[in-house]
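Please read the structure below before turning to the comments.
The values are calculated or read from the model by the stated rules, or taken from the named source; none is laboratory data. No experiment lies behind these values; they were computed from the predicted model shown. In this analysis, Cβ positions are derived from the backbone assuming ideal geometry, glycine residues included, and neighbour counts consider all displayed protein chains. Note: accessible area is taken over every heavy atom of the protein model, side chains too, but ligands, DNA and RNA are not part of it. Shrake-Rupley method; radii C 1.70, N 1.55, O 1.52, S 1.80 Å.
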Amino acid sequence: MTHIYNDPRGFKEDMIEGFVRAHRDRVRRVPNASAVMSSRAPVKGKVALIIGGGSGHYPAFCGLVGEGLADAAVIGDIFTSPSAEQVYRCTKAVEGGAGVVYSFGNYSGDVMHFGLAEMRCESEGIDVRTVLVTDDVASAPPEQREDRRGIAGDLYVFKVAGASAHRGDPLDEVERLARKANDHTRTVGVAFGGCTLPGKSEPLFRVDPGRMEFGLGIHGEPGVSTSELLPAPELARLLVGKLLEEAPPDADGTVALMLNGLGSTKYEELFVLYRYVSELVERAGLRIHHPLVGEYVTSLDMAGCSLTFLWLDEELRELHDAPARTPAMIWEVKR
Amino acid sequence: MTHIYNDPRGFKEDMIEGFVRAHRDRVRRVPNASAVMSSRAPVKGKVALIIGGGSGHYPAFCGLVGEGLADAAVIGDIFTSPSAEQVYRCTKAVEGGAGVVYSFGNYSGDVMHFGLAEMRCESEGIDVRTVLVTDDVASAPPEQREDRRGIAGDLYVFKVAGASAHRGDPLDEVERLARKANDHTRTVGVAFGGCTLPGKSEPLFRVDPGRMEFGLGIHGEPGVSTSELLPAPELARLLVGKLLEEAPPDADGTVALMLNGLGSTKYEELFVLYRYVSELVERAGLRIHHPLVGEYVTSLDMAGCSLTFLWLDEELRELHDAPARTPAMIWEVKR
Amino acid sequence: MSEDGKWVRAALKRALTVLESKEDELGRLDAAAGDGDHGAGMVRGLTAAVEAAVADEPGEALMQAGTAFADAAGGASGAIYGVLLVALGKRLAASGRVDPPQFVQGLRDAIEAIQQLGKAQPGDKTLLDALVPFVEALEEGVRGGQDLRSAWRQALPVAEEAARATAGLVARKGRSSRLGARGLGHPDPGAVSLTYILRAVEPALPA
Amino acid sequence: MSEDGKWVRAALKRALTVLESKEDELGRLDAAAGDGDHGAGMVRGLTAAVEAAVADEPGEALMQAGTAFADAAGGASGAIYGVLLVALGKRLAASGRVDPPQFVQGLRDAIEAIQQLGKAQPGDKTLLDALVPFVEALEEGVRGGQDLRSAWRQALPVAEEAARATAGLVARKGRSSRLGARGLGHPDPGAVSLTYILRAVEPALPA
Ligand SMILES: Nc1ncnc2c1ncn2[C@@H]1O[C@H](COP(=O)(O)OP(=O)(O)O)[C@@H](O)[C@H]1O
Ligand SMILES: Nc1ncnc2c1ncn2[C@@H]1O[C@H](COP(=O)(O)OP(=O)(O)O)[C@@H](O)[C@H]1O
Ligand SMILES: [Mg+2]
Ligand SMILES: [Mg+2]
Ligand SMILES: [Mg+2]
Ligand SMILES: [Mg+2]
């Protein structure tokens, strides 16, 4: 349930305003746009990474803007992709002459609006590449990987792309690495309860007590199937099993791992689950690198969680490990 | 609602195990105790800061263990203070010969158990000082400040004490500064909905739709009074107003500010509220220093939020600004 | 048939009034398989469109409306109504006439633009499943010599029946496509809202 | 009166069985003004106490039970039952006898230890509000020449009435004290659970 708001129609605006006020040291608002940009952007000669999507997913998307990660995030209304116009304005504000990568989860609204903005920018001579995040294994079979939607895996794709752009890679290379990161990222999730939009009193969906939804969406979409609620060790087995089924052939046996809470499934619960997840992953012969256990891509106050693997190789690991500083996270990997 | 657990009685144990597995780079488990310690502790000649309380409040308490903050956290079952025995074992494991500061919220269980541990340690020649956090303005009138309970203000008191210990201050000085931080910290909170213990199907309390509880506890205790649910600008006025009433006489007009979500009142809602809170605080002539907007001291999946001021002066500001690195936060203040 | 663009604003206003009254219903319909924001997005889009459509020339006004709609609504339906209104407006502006055949052609252009943008085919459970048969029926009426509003009125039940029938389709585009067969039984919210709009605007259409 | 410590374990077991059946009720009672963990904590504490109380000597067994209870339960009631059991055990161990006057004296010691630790006064709405009148009634019976179990049985209704009467008190110690007058109407969970324990252990007490 969303309890704090003024006029529900002003939610996005109030949110961006408050966010920028809270993080003046790292970000500022893109003038005349519902977008935030790193206070260092634009950087001349650097590829600009622009991410975005609806609001309701914090720290995605605006919490991920900053040094070593995204140059800007374009923010829509709750669960609603931002418009092409806003993407365009944001692109104009942050591109530094070396091209732009758009990256966002694969949802038709986002694809269409970012696509329209890309066409408009290209017509003005700005080289734009789009990398869709398609990590949700529950949303389509492996043969249709490119049709899958993007959920928590967003973070890893953005991180790799942001690190590549930050170290000065040219546009082709940033694009290649972002695509590779997406090819190596898989997520599976479950939901225990739906979320409620500001101003509404009913959740988007309900889960019966003792049941859970498998294959959640991060926009309050119900899962693709319902099953019995599992205790932590079995839930761990389900999630880890689904991801192990899809190990990419060229992976070297090390995974960066994220156990993500969707909003009201809290940290302690995630640690309980992580105990069993990490045991299973290690028992499967994999090495876990820099596990993240917490809230990274949320869905308002939805109850549920997702497990993501980024299958590393040397190239991806270097970019994964590169430092980053954003309002939501200071990324430091001990080696 | 808590959905992820195995045997509810093993929750604390599962949680600590998973937490330590997720943060091996910074913390380890205190052998034979339900406590976690910084991987650098004990540090010979340094005052040790030990914090603690029930679980269910992450990032408090174990998320705050690390360089520049706490040396260890002793963790009880959900919402239940840890026992004197565990506090004692933890103290033996982390004290470095320069004395120990215990700091925790003022609840009778914690006071009694830490008190018993303190007596036992003293009898063994370890110099222990206890600094209770008493920031909740709703829990007792100003004349009875020392009877107030501790809620989100924990974070600031721990931060100041941890920074003082980290820079090598002697025990008397760490104690003095921790007390001063508590004297300068005030919190007020509201709840919109109760939380549910693992294995239970009913929340600890319910809030009627359209109402809110004023003066929440962070253990699922209901508030001290009920009122109409307010839109964000008025809620901001209520919270800021309560804190302004109690400005300490020696404050210099700068406050470190924390807008804390209790669990299922999410980031975007907090940013919406922060927009109005920050406007009001600035309009009152105060300078906001390093605002924190997010989840710092939670109460499982309780819906609600709290606003905390740490009234700064030069001495407190230096300690507030000192860097810290813990599993839950990398503390860096831009100047 | 009037060349005056006032009817554009009038039509958009009528659509807005109806969709405001249907906002919650459309939200619930979208929540069944999607994310529940369809009603809110359409209202945001139409509100902005009404405000933006100030040109005298109807084609111009429609383009203004489409641009504003897309920006204010965001989301899939924002993008789609954006290209729909702009394509229709372009055709009317280009022809300089607002006669029934041009109108039909404008809607054909819109369908093409929507398909190009969103890559959906009829049968994929989107608003195209109501729009395409509507435009076919409209064209038939117009070819049969009816004026725009009569032909439109006769095509409405076709669109409405087609929208209802989307309940039996499995989504292949848009958020609800992820649910596969689980989305069966609910009509597509975009198809339903389209029929509300088509019926709402009819009395405001030229002649 | 037997000097054998077996009755300590038997008494703790009886208490555990009853509190397991009351765990949810006590949780709900604690939730009314506190944090809902009282039932769970008492069960954890008693489970550990039963396991720990292995000494033959009853005073020793009680001290073992108290130490284990406090550690396993944590929380306010863990601390309080810890000192209660340890104080009682100490007195019995020191006197070398388990006769009714020593028992009464042991409980008096426990009250003192609880007050020293928790700083609560009778009337502050804690388990002291049931324990103090219970011990007074017990002492009266013992002084009047009754054996321990008879005196205990006669004192039980006094404790139970006193526990019920805590509903009319405003808490001044413990979590529920923050609620002020809002906590009125519910008895103190610690006082209630104490009466369950007192009644449960009676048949296991020596003579
Ligand atoms: N690719 C597409 N082509 C045509 N229409 C689409 C497409 N994707 C979605 N739609 C339409 O948009 C509607 C959903 O609109 P809305 O809820 O506003 O967008 P979102 O899915 O971004 O939340 C669907 O019911 C469908 O009719
Ligand atoms: N200072 C105190 N002195 C005596 N008894 C106390 C004190 N504080 C709390 N209690 C008792 O403890 C009970 C609560 O126990 P419990 O719920 O287990 O602890 P917590 O308050 O730590 O959650 C109260 O009902 C009261 O009887
Ligand atoms: Mg949407
Ligand atoms: Mg407790
Ligand atoms: Mg939608
Ligand atoms: Mg309690």
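Which three semi-axes in whole Å describe the equivalent ellipsoid of segment D:29-159, each the square root of 5 times a Cα gyration tensor eigenvalue, listed largest first?
Numbers: eigenvalues 112, 77, 31 Å².
Equivalent ellipsoid of segment D:29-159: 24, 20, 13 Å, largest first.
With just the Cα atoms defining each centre, how far is segment A:155-175 from segment B:185-231? Give it in Å.
When both Cα centres are located, 44 Å separates them.
Please list, by residue number, every one of the trypsin sites (Lys or Arg not before Pro) in segment C:1-55 that is coil in DSSP and has at most 16 other beta-carbon atoms within 10 Å.
none
How many square angstrom of accessible surface are buried between A and C, both sides summed, with a 1.4 Å probe and rounding to 100?
Numbers: alone 13750 and 9190 Å², together 20600 Å².
For chain A against chain C, roughly 2300 Å² becomes buried.
One quarter of the convex hull surface, Cα atoms only: what value does that give for segment D:103-155 in nm²?
Result: a mean projected hull area of 3.4 nm².
Hey, got a sec? Which GluC sites (Glu not before Pro) in segment A:209-275 land in a DSSP loop and have at most 11 other Cβ atoms within 10 Å?
Here the GluC sites (Glu not before Pro) that fit, given the DSSP loop and packing criteria, are A:Glu245.
At a probe radius of 1.4 Å, what is the per-residue accessible area of B:Val281, in Å² to the nearest 10?
Surface accessible to solvent at B:Val281 totals approximately 0 Å².
Write down the accessible area per residue of the protein assembly as shown in Å², having rolled a 1.4 Å probe over the full set of protein chains.
33
Would you mind working out the magnitude of the charge dipole of the protein assembly as shown relative to its Cα centre, with +1 at each Lys and Arg C-beta and -1 at each Asp and Glu C-beta, to the nearest 20 Debye?
The dipole magnitude comes to about 280 debye.
Rank D:Gly144, D:Gly45, D:Gly36 by mean-square fluctuation in a GNM of chain D with C-alpha springs under 10 angstrom and give only the top-ranked residue.
Top of the fluctuation ranking is D:Gly144.
Applying the Karplus parametrisation 6.51 cos²θ - 1.76 cosθ + 1.60 with θ = phi - 60° to the phi angles of segment C:38-55, what ³J(HN,Hα) value in whole Hz is obtained for each residue in order, glycine and proline being reported as x?
Taking θ as phi minus 60°, the curve returns 5, x, 4, x, 5, 5, 4, x, 5, 4, 5, 5, 4, 5, 7, 7, 9, 4 Hz for segment C:38-55.
If you project the alpha carbons of segment B:14-180 onto the principal axes, what extent comes out on each, in Å, largest first?
43, 35, 28
In square nanometres, what is the average projected area of the Cα convex hull of chain A?
15.7
Would you please give the FRET efficiency between D:Glu51 and C:Leu184, computed as 1/(1 + (r/R0)^6) with r the Cβ-Cβ distance and R0 = 41 Å, to the nearest 0.05?
Once the sixth-power term is evaluated, E becomes 0.15.
Just how much of A:Ile330 is accessible, in Å², when a 1.4 Å probe is used and the result is rounded to the nearest 10?
So the heavy atoms of A:Ile330 present about 30 Å² to solvent.
Taking all pairs of distinct Cα atoms, average 1/r, flip it, and tell me the Kirkwood hydrodynamic radius of the protein assembly as shown in Å to one decimal place. Let's see the in-between values first.
Numbers: mean 1/r = 0.0322 Å⁻¹.
So the Kirkwood estimate lands at 31.1 Å.
Probe radius 1.4 Å, ligands and nucleic acids ignored: give me the carbon and sulfur share of the accessible area of segment A:14-180 as a rounded percent. Display every interim value, and only then the final one.
Details: 2260 of 4590 Å².
About 49 percent, which is the carbon plus sulfur part of the accessible surface.
With +1 on the Cβ of every Lys and Arg and -1 on the Cβ of every Asp and Glu, and nothing else charged, how large is the dipole of chain B about its Cα centre, in debye rounded to the nearest 20?
Working: 36 positive and 48 negative charges, 174 e Å.
Rounded to the nearest 20 debye, it is 840 debye.
Go through C:Ala76, C:Ala48, C:Gly183 and say which Cα lies farthest out towards the positive end of the charge dipole of chain C; charges sit on Cβ, +1 for Lys and Arg, -1 for Asp and Glu.
C:Gly183
Residue by residue, what Karplus-based ³J(HN,Hα) values in Hz, rounded to whole numbers, does segment B:285-293 have, using 6.51, -1.76 and 1.60 with θ = phi - 60° and x for Gly and Pro?
Each residue's phi maps through the Karplus curve to give x, 9, 9, 8, 10, 6, x, 10, 10 Hz.
Over 26 Å between Cα atoms: which of A:Lys334/B:Lys180; A:Lys159/A:Lys242; A:Lys44/B:Lys334; A:Lys46/B:Lys334; D:Lys22/D:Lys125 fall into that group?
From the list (A:Lys334/B:Lys180; A:Lys159/A:Lys242; A:Lys44/B:Lys334; A:Lys46/B:Lys334; D:Lys22/D:Lys125), the Cα-Cα distance tops 26 Å for A:Lys334/B:Lys180.
For label points placed 7 Å from Cα toward Cβ, what is the shortest-first list of nm distances from C:Arg164 to its copies?
6.5
Going Cα to Cα from C:Lys119, which aspartates and glutamates come in below 16 Å? Please leave out same-chain ones fewer than 8 positions away.
A:Asp110, A:Glu146, A:Asp147, C:Asp109, C:Asp129
Can you list, largest first and rounded to whole Å, the semi-axes you get for segment D:55-132 by taking the square root of 5 times each eigenvalue of its Cα gyration tensor?
Ellipsoid semi-axes (Å, largest first): 21, 16, 8.
Using 0.36 nm per residue, how much length does the chain from A:Lys44 to A:Glu245 gain when fully extended, once their Cα-Cα distance is taken away?
Contour length minus Cα-Cα distance gives 68.0 nm.
Among DSSP beta bridges lying fully in the protein assembly as shown, give the percent that are antiparallel, nearest 5.
Values: 61 of 111 bridges.
Beta bridges within the protein assembly as shown, antiparallel portion: roughly 55 percent.
For every helix of n ≥ 4 consecutive DSSP H residues, a contribution of -39,500 (n - 2.57) applies; sum these over chain B, divide by its total residues, and give [θ] at 222 nm rounded to the nearest 500 deg cm²/dmol. List each step's numbers first, then the result.
On the way: 8 runs with 103 residues, N = 335.
Calculated from helices alone, the mean residue ellipticity at 222 nm is -9500 deg cm²/dmol.
Can you list the lysines whose alpha carbon is less than 22 Å from that of C:Lys6, not counting same-chain residues fewer than 8 positions off?
Within reach: C:Lys90.
Please report the base-10 log of the normalised intensity I(q)/I(0) for segment B:185-331, using a Debye sum with one equal scatterer per alpha carbon and no solvent, at each q in 0.20 (1/Å).
-1.24
Output, in nm with one decimal and in ascending order, the distances from the C:Gln121 label point to the matching label points of the other copies (7 Å from Cα along Cα-to-Cβ).
8.5
Using a Gaussian network model of chain B with C-alpha springs under 10 Å, which one of B:Gly168, B:Gly189, B:Gly261 is most mobile by mean-square fluctuation?
Judging by the Gaussian network model, the answer is B:Gly168.
Given points 7 Å out from each Cα along the Cα-Cβ axis, report the A:Asp147 to A:Glu315 separation in nanometres with one decimal.
Modelled inter-label distance: 2.9 nm.
Which GluC sites (Glu not before Pro) from segment A:95-197 combine a DSSP loop assignment with at most 15 other Cβ atoms within 10 Å? Please report the intermediate quantities before stating the final value.
Numbers: sites: A:Glu95, A:Glu118, A:Glu122, A:Glu124, A:Glu143, A:Glu146, A:Glu173, A:Glu175; in loops: A:Glu95, A:Glu124.
Of the GluC sites (Glu not before Pro), the ones in loops of segment A:95-197 whose Cβ has at most 15 other Cβ atoms within 10 Å are A:Glu124.
Under 11 Å from the Cβ of B:Arg237, count the other residues' Cβ atoms, weight Lys and Arg +1, Asp and Glu -1, and hand me the total.
Residues near B:Arg237 contribute 0 overall.
Could you run the Karplus curve 6.51 cos²θ - 1.76 cosθ + 1.60 with θ = phi - 60° over segment C:165-171 and give me ³J(HN,Hα) per residue in whole Hz, x for Gly and Pro?
5, 5, 4, x, 9, 9, 5
How many Å² of accessible surface get buried when B and A come together, counting both sides, probe radius 1.4 Å, rounded to the nearest 100? Working shown, then result.
Numbers: alone 13730 and 13750 Å², together 22420 Å².
Its buried surface, counting both partners, is about 5100 Å².
Relative to the isolated chain, which residues of segment B:282-298 have their accessible area cut by 20 Å² or more in the presence of all protein chains (1.4 Å probe, heavy atoms, no ligands or nucleic acids)?
Buried by the other chains: B:Glu282, B:Pro291, B:Glu295.
What are the label-to-label distances in nm, one decimal and shortest first, from B:Gly168 to the same spot in the other copies, with labels 7 Å along Cα to Cβ?
Distances between equivalent label points, in nm: 3.9.
Anyone know which of D:Leu194, D:Leu184, D:Leu12 comes out most mobile in the 10 Å Cα GNM of chain D?
Maximum fluctuation in the GNM of chain D, among the listed residues, is at D:Leu184.
Compare each residue of segment A:86-121 in its chain alone against the assembly with all protein chains, and report those whose accessible area goes down by 40 Å² or more; 1.4 Å probe, heavy atoms.
Going by heavy-atom accessible area, the residues of segment A:86-121 that drop by at least 40 Å² are A:Ser108, A:Met112, A:His113, A:Leu116.
Please state the shape class of segment B:250-335: rounded when a/c is under 1.5, otherwise prolate if a/b exceeds b/c and oblate if not, all from the C-alpha gyration tensor.
In terms of gyration-tensor shape, oblate.
Within the accessible area of chain D, what % is carbon and sulfur when the probe is 1.4 Å and the other protein chains stay in place?
52
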